[in-house]
Structure formats: structure tokens, C-alpha cells
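Engineer: Before we start, here is the structure in question, set down as C-alpha cells.
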Amino acid sequence: MKHIELLNLICKHRKIIDLAYKQKKLLSVPEPLVEIGLFNKIGGFYYINEIYLNFVDTLLSRADLSYIAEDFEKEFRKLLEYKNEYQFKKTSVLYDLIISLVTKIYQGMKNRDKRVLALIENFEKDEESNLDFLINEAKKILLDIEEIMQKNETIYNLFEEFLKFQEFENLIKDILVDITALNQNIDSYLKRLREFITQTEKKRRFNQKLFKIANMILNEDVKIDNFLTTKKFVNKQKIEVFPDSAYMDYEKAVKVIGKFTKEKKVKKSKVKKDIKEVIELINLKQLLEYIKGSDDIFKSIIEYLPRIDRELINESVRVFVYILNHYDREIEYKKGYNEYNVRIVKWKA
């Protein structure tokens, strides 16, 4: 079969191939697709060829947790062997083999770069997976990327040795420039992944504290007051804990509840705006420009909102949470709290 015939066959059955790509396995497929090896039958189902999946995922910059980054160890050893032979015997066959391996390794490094970036972005977008699982997988990928950086240096050094052969000089010079850029990319991926692990571990610790509070409330634990007044859970007002109504100390209850039973003028309640409507009202683009570089994003939001509409100041907390959720990579959590008893969050420079 010629290449153009293969393309025509794929085009003809593009819908069934697309379905298989999305669903991973099918009960039946057209026989010609099995004959050319695009599908393999395993345990009663037809699975699309892994080579095709890798090809598509690379072009579309996709990767899942099953992706294993290539190290090109075998190709590296073969190239080193050809280089040593070429020093003594410059044949056209060896020349072609060297060109083929150099371009194969180089293109593989570029493809790997796209897949690793896609993998990191998947981690950052994941809102469903267990936090412990995400942290463990991210740490494994971190080790893989650190190894990739070391292997890239080794490959760079080997490619550099081909500069002494004039016939390879132009090709190698261009490739070395790109490999330098790929190494810089990997360095940025390491920073992003380390930051993701740090932020996710913070989120896990915070969730554990919230879970502890929930259990203390459900169990009516009197220690909850001490727990919430620790440095990490600052609470200015003492919390009074009451048991079930059958055992309630009414005199004590009146002292607390009485503070809140003064007559107040009844105001007409307003329907709370949807957060998307609020974001549209405040002009998110201008707000982001205003808070960029801020040492305390919450205070900056409070300063900004009255310029649009003083009534919007009541939405400051919701806007603040919206920024935290949607621009997590741009912010940095500090240890202290501001005068509003809100955690200080800084916009990265």
C-alpha cells in the first residue's frame, strides 16, 4: 500500500477512527483497518494502535498520567558508535545513518517537550483526582523531568562533537540552538511542577484541618475554640459550644444570644448577583491590571471596587475567591493576615 492510499483509507473511515480514539476500544471495526495494523483485537475488543495514539497525542499536545517520557538511550548509544566509526571511515552509509539518528533524537526531544508540557497542564487543571494521588504522581514526574534534563545535556555534548566534521556543521548548529531552548523549557517545567506540588500539599493540609473542624463540630468537642484560635486559624471572637437542647445551660445561652437579639430595622433583602455578573460589572481585565504586582490582593480589590460602584464593596470576598481560583499560578500565599483578618496573598512579580 502506498502512503496516499493509506491516507485515503484513513479519511474514508475517519469517523470510526475518531470514535475509537475517544472511547479507547470498539466491538467492531472495518476489516481493512485491521489488515493494515491500525487496530488490534485484544480480548474481544478492537484497540487503536498505540503508535497512532502517540502520533495524534503528540501533534495535539496531549498527555495523560500513563505517558512515559523517552530518554533515547538506545539511539544515543548507536549514534556514539557511528560517530566513533565515522572518524576512521567516512562512508556515505554511515553519513546517512548519522543524519537519520540525529534528526530522530532531535525530533523526539521536541515531541517529548510538548507531551511533558501537556502533562503538567493536566496536573494544574485537575479538579477531581485525590490530592494524595496527584502529589505522588507529580513527584514521580518531577524525578523523570530532572533525569530528562541530565540526558539532554549528555545528548547536547554528543551532538557538539559532530561540529568537528564540516559536513554536519550547519545541521548541528541549528539543532544545538533548539536543544538549548528545550533545556530552558525543562527548567521552567521543573519550577511549575515544584510549585504545583507545594500548592497541592498546602491544599491537602488545609483540607485536613477543615475535616478536623467538621468532626469536632459534629462531636460537639469543646476543644474547637482552642483549635480555631491557633496561629493558622485566627478567630477574634470566642466560640461558645452548646450541647443538645436537652442539656443546654439556658442562662449561659442567653448571655451569648442576647447580644444578637436587639431590635433592628428590617431592610428589604436584595437578590445576590451571580459571580459571573459581578465579574462583568467590575471589568475583570481592568481589575487584573490594577492588582498585578500587589503585595495584598484583597486590599487592592477593596481599593478598586468603589471606583466602579460603592455597592460592589460587599462583593470583595467573592471577587477575591474568584481571583484565587482562576489565577492560582500568578499568586503567592503569605503566612500573615491583614487588618481584615484575611490571608495575605501576593501577585507574583
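The values are calculated or read from the model by the stated rules, or taken from the named source; none is laboratory data. Source: prediction; values computed, not measured. Cβ: placed from backbone, ideal geometry, glycine included. Neighbour counts: every protein chain shown. Heavy atoms of the whole protein, side chains included, go into the accessibility calculation; ligands, DNA and RNA do not. Shrake-Rupley method; radii C 1.70, N 1.55, O 1.52, S 1.80 Å.
Engineer: Yes or no: Arg62 open to solvent by 40 Å² or more (accessible area, probe 1.4 Å) and at pLDDT 80 or above? It would help to see each step written out before you state the result.
Structural biologist: Values: open to solvent by 40 Å² or more (accessible area, probe 1.4 Å): yes; at pLDDT 80 or above: no.
The answer is no for Arg62.
Engineer: Could you tell me which of the residues Ile145, Ile135 is part of a helix (DSSP H, G or I), over 21 Å from Ser61 (Cβ atoms) and touching a residue at least 60 places away in the same chain (Cβ under 8 Å)?
Structural biologist: None of the other options fit; the residue is Ile135.
Engineer: Of everything in segment 1-31 that's among the β-branched types (Val, Ile, Thr) and in a helix (DSSP H, G or I), which residue is surrounded by the fewest Cβ atoms within 10 Å (Cβ to Cβ)?
Structural biologist: The selected residue is Ile4.
Engineer: Quick one: is Asp113 open to solvent by less than 60 Å² (accessible area, probe 1.4 Å), under 26 Å from Ala181 (Cβ atoms) and assigned by the TED database to the domain that holds Ile17?
Structural biologist: On the way: open to solvent by less than 60 Å² (accessible area, probe 1.4 Å): yes; under 26 Å from Ala181 (Cβ atoms): yes; assigned by the TED database to the domain that holds Ile17: no.
Against the criterion (open to solvent by less than 60 Å² (accessible area, probe 1.4 Å), under 26 Å from Ala181 (Cβ atoms) and assigned by the TED database to the domain that holds Ile17), Asp113 does not qualify.
Engineer: For Tyr67, which of the numbered conditions (1) within 21 Å of Leu9 (Cβ to Cβ); (2) in contact with a helix residue (DSSP H, G or I) (Cβ under 9 Å, 6 or more places away or on another chain) fails to hold?
Structural biologist: Unmet condition: (1).
Engineer: Here is a follow-up. Tell me yes or no: at least one residue of segment 32-52 is charged (D, E, K, R), farther than 30 Å from Met149 by Cβ and open to solvent by less than 80 Å² (accessible area, probe 1.4 Å).
Structural biologist: Within segment 32-52 (the criterion being charged (D, E, K, R), farther than 30 Å from Met149 by Cβ and open to solvent by less than 80 Å² (accessible area, probe 1.4 Å)), the answer is no, since none of the residues qualifies.
Engineer: Do you know which residues across segment 72-110 are basic (Lys, Arg) and either surrounded by 13 or more Cβ atoms within 10 Å (Cβ to Cβ) or assigned to a helix (DSSP H, G or I) (or both)?
Structural biologist: Result: Lys74, Arg77, Lys78, Lys83, Lys104, Lys110.
Engineer: Which residue, of Lys15, Lys22, Lys78, is modelled with pLDDT of 90 or more and more than 30 Å from Leu158 (Cβ to Cβ)?
Structural biologist: Only one candidate passes the filter, namely Lys15.
Engineer: Can you find, within segment 169-207, the residue that is least open to solvent (accessible area, probe 1.4 Å) among those that are closer than 24 Å to Tyr327 by Cα and either in contact with a Ser or Thr (Cβ under 8 Å, 6 or more places away or on another chain) or among the polar types (S, T, N, Q) (or both)?
Structural biologist: If we take residues in segment 169-207 being closer than 24 Å to Tyr327 by Cα and either in contact with a Ser or Thr (Cβ under 8 Å, 6 or more places away or on another chain) or among the polar types (S, T, N, Q) (or both), then Thr200 is least open to solvent (accessible area, probe 1.4 Å).
Engineer: Follow-up question, since we're still on this one. Among the residues of segment 152-196, write down those that are under 26 Å from Tyr86 (Cβ atoms) and aliphatic (A, V, I, L, M).
Structural biologist: Correct list: Ile155, Leu158, Leu163, Leu171, Ile172, Ile175, Leu176, Val177, Ile179, Leu182.
Engineer: Kindly list, by first and then second residue, each pair from a residue in segment 312-327 that is among the small types (Gly, Ala, Ser) to a residue that is open to solvent by 20 Å² or more (accessible area, probe 1.4 Å), limited to pairs with Cβ atoms under 9 Å and residues at least 6 apart or on different chains.
Structural biologist: Ser316/Ile302; Ser316/Tyr340
Engineer: Going by what's in this entry, would Lys41 be described as under 31 Å from the mean Cα position of the chain (by Cα), outside the structural domain of Glu147 (by the TED database) and not aliphatic (A, V, I, L, M)?
Structural biologist: no
Engineer: Quick one: Lys252 ticks every box in (1) assigned to a helix (DSSP H, G or I); (2) modelled with pLDDT of 50 or more bar one, so which box is it?
Structural biologist: Single failed check for Lys252: (2).
Engineer: Taking segment 174-212, which residues are of a type in the set (A, V, I, L, M) and either under 19 Å from Ala69 (Cβ atoms) or at pLDDT below 70 (or both)? Give the steps one after another, and end with the answer.
Structural biologist: First, pick out the residues of segment 174-212 that are of a type in the set (A, V, I, L, M): 175-177, 179, 181-182, 186, 190, 193, 197, 210.
Answer for segment 174-212, where residues must be of a type in the set (A, V, I, L, M) and either under 19 Å from Ala69 (Cβ atoms) or at pLDDT below 70 (or both): Ile179, Ala181, Leu182, Ile186, Leu190, Leu193, Ile197.
Engineer: Next up: Condition first: assigned to a strand (DSSP E or B) and over 27 Å from Phe123 (Cα atoms). Now tell me which residues in segment 293-349 satisfy that. Quick ask: steps written out before the conclusion?
Structural biologist: Of segment 293-349, the ones assigned to a strand (DSSP E or B) are 331-337, 343-347.
Selection gives Gly336, Tyr337.
Engineer: Just wondering, is there one or more residues in segment 260-275 that are surrounded by fewer than 14 Cβ atoms within 10 Å (Cβ to Cβ), at pLDDT 70 or above and not aliphatic (A, V, I, L, M)?
Structural biologist: Within segment 260-275, one or more residues are surrounded by fewer than 14 Cβ atoms within 10 Å (Cβ to Cβ), at pLDDT 70 or above and not aliphatic (A, V, I, L, M).
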